[in-house]
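The structure appears below as structure tokens.
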Amino acid sequence: MQEINLLYKSHFGKLVATLLKAFPSVNLETIEDQVQDAFAAALPVWKRDGIPSNPAGWIFTVSRNKVLNTIKEEKRTRFLYEYEDFHAPAAGTREPAFDDQQLQLLFACAHPDLAPKVQVVITLKYVVNLKVEAIAKVLGMTIDGIDKLLVRARQKIRDEKILFREPDLHNAGATLKARLPIVNKIIYLVFNEGYKTSWGKEIIREELCEEALLMCKALFDHKMHNGETAALYALMLFNAARLKARFGPAGELLELEEQDRSLWNRNLIILASDVLIQAAEAPVSTYHFEASIAWLHCTVRDFQSTDWKSISNLYRQLLQMNANPFVELNYAIALYYAGDKQQSFEILNNLRLHTFLSQYYLLNASLGKLHFLAGNYLAAKDFYRLALSQTSCQPEKDFIEKMITRILPLIAN
Amino acid sequence: MEKFLLLIREDLKVRENYSPEESRRTLLAMGAWIESMSESGNFVNADALLNSGSYVGKDYILSDGPFIEAKESISGFILIQAENQEQATSIAQSCPLLMEGIAVVEVRPIWFVDQTKLKG
């Protein structure tokens with residue numbers, strides 16, 4: 001039932017957190033199970049009797065009763081009765097898009113002891129309220145892998161009482177300020193998952209982009225943001241503006257030069273530009289560089305007019321701040337288009353010497369593309385063939401095969 | 001952020017006997033892991049090691065391949081930056097070879113100079 005799904009989506013994490021606070025001795029996993037059972041119980045009842053006037057309250061009451069029953073079944077419960085709070089308030093009815101409690105949960109998930117990937121998984125579970133199957137799908141992991149990760153995270157949550165003692169939003173101060181960079185990073189990573197083309201044009205991935213934008217906006221609405229948040233917001237808006245153009249009518253992957261720019265969302269680009277200008281006053285971060293590069297792409301009418309010199313400069317500065325081979329790849333590509341072909345190939349050939357990168361399909365596909373542009377058709381074909389063997393993602397394979405088909409006749413001549 | 005060295009330890013005899021397919025598969029998996037660490041800003045450097053090498057002591061040199069701890073010899077390293085030891089450990093737990101049970105990961109903090117204690 002639609003209403004139940006929407007309610008799950010907006011309330012799951014909050015219900016779990018509220019019950020955990022009320023029943024600190026109960027296992028987190030048990031509480032999650034009972035809440036999920038309550039949602040399952042709602043379906044036949046609401047179908048038969050109609051949706052109650054306070055649906056969230058209904059789910060809360062049923063979950064709470066289930067938890068109470070679990071407690072009663074355990075031997076030590078008689079002792080606990082005096083200490084459990086049976087009067088925890090219902091989770092409430094209609095709430096704004098992103099309320100205090102969800103923001104608290106977001107900061108709670110941004111625990112510095114957890115790996116960024118784990119932070120993302122628990123954010124997807126308790127803030128975005130995705131089910132494990134959806135999280136696994138989106139991150140390209142197995143359900144078992146996610147479950148194992150959650151088990152370990154639950155232990156940490158249990159030990160550290162992360163969800164119990166969520167940093168209080170309004171008496172915030174040091175804890176929250178310290179966690180903001182982590183929160184920004186989580187939002188960035190969630191958006192990237194949604195933006196990746198690895199699995200083709202799947203709706204759930206675009207929804208992740210929306211969730212990331214919502215979380216970011218919530219930071220602004222509650223005045224919890226900093227300069228980095230603003231730059232990040234601009235970056236995500238620039239990318240969100242271009243979501244629709246990445247795939248062709250048959251769902252095929254399109255390169256930047258092939259994309260139909262009339263499909264870009266002008267309003268989002270204008271908004272993003274405004275946000276970026278405001279962010280310019282803050283200390284520069286990696287998000288500033290990425291957003292500026294996106295701005296340079298988004299504000300020109302066609303691929304040919306792109307200011308590649310400025311873009312390569314920005315990549316160079318980004319590398320100084322955050323050296324990594326994947327940014328170097330983008331830097332090399334920008335250098336080629338900026339006219340510095342020799343340095344471009346030097347960097348790319350150096351990257352190939354790295355054991356891990358020699359297997360990276362995007363490096364080889366990029367070499368294929370640049371050799372193609374340079375007229376080295378034989379080399380281009382070889383690199384594309386190599387790249388083809390290094391990816392199992394269908395849209396990418398189709399794209400590379402399309403390129404190889406273009407090149408073959410050129411070699412024959 | 002502090003720096004940590006992640007040492008990947010596995011059975012080099014098993015690794016020696018990998019088919020080209022298995023070798024490629026593990027390399028690809030590690031590559032994907034490195035990519036995600038780059039994306040999250042934790043990656044600093046990494047390299048894989050060949051199975052050969054020598055083991056040098058005061059009075060001896062051993063040059064016949066995996067040495068003392070054959071089952072858990074170092075096959076590669078990743079230098080990362082992380083908030084603290086706990087986070088570095090959490091990051092190590094997502095190593096694909098570890099998750100398959102092929103390898104264990106040793107997580108060591110880099111000895112850093114405490115700048116607050118530096119004079120001048």
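What FRET efficiency do you get for B:S23 and B:A70 if R0 is 22 Å and r is their Cβ-Cβ distance, rounded to the nearest 0.05?
Numbers: r = 19 Å, r/R0 = 0.86.
Efficiency at R0 = 22 Å is approximately 0.70.
Counting every Cα pair in chain B, what percent are over 22 Å apart?
Values: 2963 of 7140 pairs.
Percentage above 22 Å: 41.
First select every other residue whose beta carbon is under 14 angstrom from the beta carbon of A:N267; then total the charges, Lys and Arg +1, Asp and Glu -1.
Working: positive: A:R242, A:K244, A:R266; negative: A:D274.
Counting the neighbours of A:N267, the net charge comes to +2.
With a ≥ b ≥ c the root eigenvalues of the C-alpha gyration tensor of the range A:324-409, is it rounded (a/c under 1.5), prolate (a/b larger than b/c) or oblate? Working shown, then result.
Values: a/c = 1.89, a/b = 1.21, b/c = 1.57.
The shape class here is oblate.
For the range A:229-371, just list the percent of Cα-Cα distances falling in each 10 Å bin from zero outward, please.
12, 36, 38, 14, 1
Please determine, in degrees from 0 to 90 and to the nearest 10, the orientation of helix B:20-39 with respect to the longest principal axis defined by the Cα atoms of chain B, where the helix direction is its Cα long axis.
Between the helix axis and the principal axis of chain B, the angle is about 10 degrees.
Among the helices of chain A (complete DSSP H runs), which have Cα atoms covering no less than 30 Å along the helix axis and a Kyte-Doolittle mean of at least -0.5? Could you put the intermediate results ahead of the total?
Details: long enough: A:28-49 (31 Å, -0.25); A:174-195 (32 Å, 0.53).
Long hydrophobic helices here: A:28-49, A:174-195.
For the range A:278-338, which trypsin sites (Lys or Arg not before Pro) are in a loop by DSSP, counting at most 14 other Cβ atoms within 10 Å?
Values: sites: A:R301, A:K309, A:R316; in loops: A:R301.
Answer by residue number: A:R301.
Treat each spin label as a single point 7 Å out from the Cα along the C-beta direction, and report the A:K9 to A:K223 distance in nm.
If labels sit at A:K9 and A:K223, their model points lie 3.2 nm apart.
Counting each DSSP H run of 4 or more residues in the protein assembly as shown as -39500 (n - 2.57), what helix-only mean residue ellipticity at 222 nm follows after dividing by all residues, to the nearest 500 deg cm²/dmol? Intermediate values should be presented prior to the final figure.
Details: 24 runs with 321 residues, N = 533.
Value at 222 nm, helices only, nearest 500: -19000 deg cm²/dmol.
For A:Q304 and A:N27, compute 0.36 nm times the residue count separating them, minus their Cα-Cα distance, and round to one decimal in nm.
Length gained between A:Q304 and A:N27: 93.8 nm.
Just add up the charged neighbours of B:I80: K/R +1, D/E -1, any other residue whose Cβ is under 14 Å from the Cβ of B:I80. Mind dumping the intermediate values first?
Numbers: positive: A:K117, B:K3, B:R108; negative: B:E2, B:E35, B:E39, B:D47, B:E83, B:E86, B:E106.
Net charge around B:I80: -4.
What is the extension gain from A:D144 to A:D37, computed as 0.36 nm multiplied by their sequence separation minus the C-alpha to C-alpha distance, in nm to one decimal? Please list the in-between numbers first.
Details: separation 107, 0.36 × 107 = 38.52 nm, distance 2.07 nm.
Result for the pair: 36.5 nm of gain on full extension.
So, counting K/R as plus one and D/E as minus one, what does the shell of residues with Cβ under 11 Å around A:Y287 add up to?
Details: positive: A:K185; negative: A:E228, A:E290.
The answer is -1.
Run the 1.4 Å probe and let me know the accessible area of B:D47, rounded to the nearest 10 Å².
Roll a 1.4 Å probe over it and B:D47 shows about 60 Å².
Given that compact globular proteins tend to follow 2.2 N^0.38 Å, what is the ratio of the alpha-carbon Rg of the range A:198-306 to that value? Mind dumping the intermediate values first?
Working: Rg = 14.4 Å, N = 109, 2.2 N^0.38 = 13.1 Å.
Cα-based Rg divided by the globular estimate yields 1.10.
For an R0 of 51 angstrom, estimate the FRET efficiency from the Cβ-Cβ distance between A:A282 and B:S63 and round to the nearest 0.05. Show your work: numbers first, answer last.
Values: r = 56 Å, r/R0 = 1.10.
Taking R0 as 51 Å, the efficiency between A:A282 and B:S63 is 0.35.
Take peptide A:355-362, look around each residue's Cβ out to 10 angstrom, count Cβ atoms belonging to other protein chains, and average those counts. Write out the running numbers ahead of the final one.
Working: counts 9, 13, 4, 2, 8, 6, 2, 1.
So the per-residue partner count for this stretch is 6.
Diagonalise the Cα gyration tensor of chain A and give the resulting equivalent ellipsoid semi-axes, square root of 5 times each eigenvalue, largest first, whole Å. Kindly include the intermediate steps, with their values, before the conclusion.
Details: eigenvalues 426, 107, 81 Å².
So the equivalent ellipsoid measures 46, 23, 20 Å along its semi-axes.
Can you work out the FRET efficiency for the pair A:R152 and A:R266, with r the C-beta to C-beta distance and R0 = 41 Å, to the nearest 0.05? If you can, show how the numbers build up before the last one.
On the way: r = 45 Å, r/R0 = 1.10.
E(calc), rounded to 0.05, equals 0.35.
By a straight-distance test (C-alpha under 28 Å), which lysines pair with B:K117 as possible cross-link partners, with residues fewer than eight away in the same chain excluded?
A:K177, B:K3
State the extension gain, in nm to one decimal, for the chain segment bounded by B:K119 and B:S52, taking 0.36 nm per residue of separation less the distance between their alpha-carbons.
On the way: separation 67, 0.36 × 67 = 24.12 nm, distance 4.43 nm.
Stretched out fully, the B:K119 to B:S52 stretch lengthens by 19.7 nm.
Please identify the longest segment of chain A free of exposed chymotrypsin sites (Phe, Trp or Tyr not before Pro), where exposed means a DSSP state other than H, G, I, E or B and no more than 10 other Cβ atoms within 10 Å.
A:87-413
Roughly how many Å is it from the Cα centre of the range A:200-269 to that of the range A:305-343, as a whole number?
About 22 Å separates the Cα centre of the range A:200-269 from the one of the range A:305-343.
The values are calculated or read from the model by the stated rules, or taken from the named source; none is laboratory data. Keep in mind that this is a model prediction, so the values were computed, not measured. In this analysis, Cβ positions are derived from the backbone assuming ideal geometry, glycine residues included, and neighbour counts consider all displayed protein chains. Calculation scope for accessible area: heavy atoms of the full protein, side chains included, ligands and nucleic acids excluded. Shrake-Rupley method; radii C 1.70, N 1.55, O 1.52, S 1.80 Å.
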